[in-house]
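Q: Have a look at this one.
Please treat every number below as a calculation from the coordinates, not as lab data. Not measured: the values here are computed from a predicted model. Using ideal geometry, Cβ is built from the backbone for each residue, glycine included, and neighbour counts are taken over all protein chains shown.
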Amino acid sequence: MSLFALASASGSPGVTTTALGVALVWHRPVVLVDADPVGGSSLLAGYFQGAVTDDDAMVTLVLAQRDGRLGEVLPRTLITVPGTHVSILPGPKSHAQAGSLTDLWGPLAYELIALEQTGQDVIVDAGRLGMVHSPDALLRAADLGLLVTRSHLPALAAVRQWASGWSAASENGTGPASVAALLVGAGRPYESSEVAKVLGIPVLESVAWEPRSATVLSEGQKPASGSWSRRDELVRSYRAVAAALHQQVAAKRLASSGGVR
Ligand SMILES: Nc1ncnc2c1ncn2[C@@H]1O[C@H](COP(=O)(O)OP(=O)(O)O)[C@@H](O)[C@H]1O
Ligand SMILES: [Mg+2]
């Protein structure tokens, strides 16, 4: 099993939308964790248009952890997205609540990793970096940390510092095991190769710039054609991101099993 963490450095480049989009095209069961310290669950308000309510999953988990029952209770707090193999762990209801979760993220990371036995991967929406109450323990537990960014200069100027910080943290074991950027809208104006050069980290993939299709996920809008099509550029790019993530994991496994020297 693998744990991927997506985060942004500035603005609202599309972390939540991308995390959901990639989860929906994932090849096997996947848990999407809302760990955005801003709170307010944009997933439930957006994609689900408020139709799905959260029974205060975070409070339930904090209490379960105190009782030493986190692993047992975690599966019951997940909400399945109907017709998919995506389960959602709703995040903090408010920024104030996020403040009481600091001690939860570490043990939760451990339990999420243990989901391997049930054949599930984990995608974490860590929100914007640098916020108080950031889920640092989840970022540290990630196999791959993805800095989600647009490709224009103000976005790159903001994300650059985090790229070098994450790279250093990755090397000294205090950050994600590896680090890459995920572009939303490559070529607007800078291409992946230029972004990689500026940031000093690889660009894993780029997500197509499709504002209208993106609102299907971010606001629960009806797709223009009635249903999501495999041919939709945005869906195709989510598939490419998912494929790149699998490839990363496979390469890492091969390397750690001694296949690559
Ligand atoms: N690939 C994309 N192309 C165009 N617009 C997008 C894309 N992904 C997300 N968006 C839009 O960007 C806005 C912010 O998305 P959101 O996922 O909430 O960002 P974040 O989680 O980084 O704050 C939303 O209006 C969403 O529809
Ligand atoms: Mg978000």
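Q: By its C-alpha gyration tensor, with a ≥ b ≥ c as the square roots of the eigenvalues, how is region 52-149 shaped: rounded for a/c under 1.5, else prolate for a/b larger than b/c, else oblate?
A: Since a/c stays below 1.5, the shape of region 52-149 is classed as rounded.
Q: Follow-up question, since we're still on this one. Using only DSSP helix segments of four residues or longer, with each worth -39500 (n - 2.57), what per-residue ellipticity at 222 nm results for the chain after dividing by its residue count and rounding to 500?
A: Theoretical 222 nm ellipticity from helices: -12000 deg cm²/dmol.
Q: Taking +1 at the Cβ of each Lys and Arg and -1 at the Cβ of each Asp and Glu, which of Thr215, Met58, Ser193 sits farthest along the dipole of region 3-256 towards its positive end, judged by Cα position relative to the Cα centre?
A: Toward the positive end, the furthest listed residue is Ser193.
Q: Count the net charge of all other residues whose Cβ sits under 14 Å from the Cβ of Leu156, scoring Lys and Arg as +1 and Asp and Glu as -1.
A: +2
Q: State whether the chain is rounded, prolate or oblate according to the following rule on the C-alpha gyration tensor (a ≥ b ≥ c being the square roots of its eigenvalues): a/c under 1.5 gives rounded; otherwise a/b larger than b/c gives prolate, and the remaining case gives oblate.
A: In terms of gyration-tensor shape, rounded.
Q: For region 1-108, give the magnitude of the charge dipole about the Cα centre (Cβ charges: +1 Lys/Arg, -1 Asp/Glu; no others), in debye to the nearest 20.
A: Magnitude of the dipole: close to 180 debye.
Q: I would also like to ask the following. Going by average Cβ density within 10 Å per residue, which order do the peptides 1-8, 35-42 take, highest to lowest?
A: Taking the mean over residues of other Cβ atoms within 10 Å, the ranking is 1-8, 35-42.
Q: Another one. What net charge do the residues around Ser10 carry, taking every other residue with its C-beta under 12 Å from that of Ser10, with Lys and Arg at +1 and Asp and Glu at -1?
A: It works out to a net charge of +3.
Q: Quick one: which residues, 5 or more positions from Ser178 or on another chain, have an amide H under 5 Å from its amide H? H modelled 1.01 Å from N in the peptide plane, none for Pro or chain starts.
A: Answer set, sorted by chain and number: Leu144, Gly145.
Q: Please give the charge dipole size of the chain, origin at the Cα centre, charges +1 on K and R Cβ atoms and -1 on D and E Cβ atoms. Round to the nearest 20 debye.
A: With only Lys, Arg, Asp and Glu charged at Cβ, the dipole is about 620 debye.
Q: Residue-wise, which Karplus ³J(HN,Hα) couplings in Hz belong to region 238-253, taking 6.51 cos²θ - 1.76 cosθ + 1.60, θ = phi - 60°, and x for glycine or proline?
A: Ordered by residue, 3J(HN,Hα) equals 5, 4, 5, 5, 4, 4, 5, 5, 4, 5, 4, 5, 4, 5, 5, 5 Hz.
Q: Give the shape of region 71-120 as rounded, prolate or oblate, defined through the alpha-carbon gyration tensor: a ≥ b ≥ c are the square roots of its eigenvalues, a/c under 1.5 means rounded, and otherwise the shape is prolate if a/b is larger than b/c and oblate if not.
A: oblate
Q: Separation of region 10-58 and region 102-156 by C-alpha centroid, Å?
A: One Cα centre to the other: 13 Å.
Q: Pairs of alpha-carbon atoms within less than 8 angstrom and 6+ residues apart define the contacts here; what relative contact order does region 3-256 have, in percent?
A: Averaging sequence separation for qualifying contacts and normalising by length gives 26 percent for region 3-256.
Q: Sticking with this structure for a sec: Quick one: give the max-minus-min coordinate of the C-alpha atoms of region 166-261 along each principal axis, largest first, in Å.
A: 49, 30, 23
Q: Further question on the same structure: In whole percent, what relative contact order does region 95-201 give with Cα contacts below 8 Å and a gap of six or more residues?
A: 26
Q: Quick one: which residues, 5+ away or cross-chain, put their amide H under 5 Å from the amide H of Val124? H built at 1.01 Å from N.
A: Phe4, Ala5, Leu6, Val33
Q: Which percentage, to the nearest 5, of the DSSP beta bridges contained in the chain is antiparallel?
A: Counting DSSP beta bridges with both partners in the chain, the antiparallel share is about 5 percent.
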